[in-house]
Structure formats: structure tokens, C-alpha cells
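So the structure is just underneath, and the comments pick up after that.
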Amino acid sequence: MRPREATIEVSFVRMLKRHGLLSLKLNVSGQRGWPDRLVLLPGGRVVFVELKRPGGELRRLQAHVHARLTALGFEVAVCDDAVRAAAFVYACKEQT
């Protein structure tokens, strides 16, 4: 049985908290397609994380929003596993 997206998200948030990192759930009023999580890193760096259940795919609007964020210079990761999502964030943190 594949884990639900919510289960992956809870695990991801717990991992970041153990490392003292802040991750905010994005719920942009009136706007759809935004990544699930905004992660605030030291030095004022911001990265976005979209969590999917294993095998889950981005909707067209999500891909469009992610492309816009990337074009603006933000890093956006799409992960179907909490460990991989956390590894992305830790790697970004090391670059600051």
C-alpha cells in the first residue's frame, strides 16, 4: 500500500523540525497550483517543496506555477518521499 501524500508531508515536516528548520504550509488564497511547502533557510533563502504520493504527478497548473517560480530564481522540488524531500532541503541549506 502506497503512503498518502499527507503522511509523507507530516514525516517531512518532522524531519525539518529536528534540524531546526521552518516549513510553512502554503495556502495562497484565491491561487491554486502553488507548492505544498515553503521552507525558510538561513541567510534568507527560500525553497519550495511539492509533495506527492508515490507515482503522483503534477497537475498542469502546478507545473505552470512551478515553472514561473523557477524562472524567478526560486528552487522547487517535487518529491514523492519525505527522505528525498528533506535531502533536497538539507542540500540547499549547505549551499547557503
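Nothing in this text is a laboratory measurement; each read-out follows from the coordinates by a stated rule. Quantities reported herein were computed from a predicted structural model and do not represent experimental measurements. Cβ placement follows ideal geometry from the backbone for every residue including glycine, while neighbour counts extend to all protein chains displayed.
The amide H of K52, built 1.01 Å from its N in the peptide plane, has C79, D80, D81 as neighbours under 5 Å, considering only residues 5 or more places off or on other chains.
A simple spin-label model places pseudo-atoms 7 Å from Cα toward Cβ; at F74 and R32 they are separated by 1.9 nm.
Spin-label model, L61/T96: points 7 Å from Cα along the beta carbon direction are separated by 3.0 nm.
For the chain, compute Rh as the Kirkwood radius over C-alpha pairs and then the Stokes-Einstein diffusion coefficient at 37 °C and 0.692 mPa s; write the answer in µm²/s, rounded to an integer.
On the way: Rh = 13.6 Å.
Value of D from the Cα-based Kirkwood radius: 242 µm²/s.
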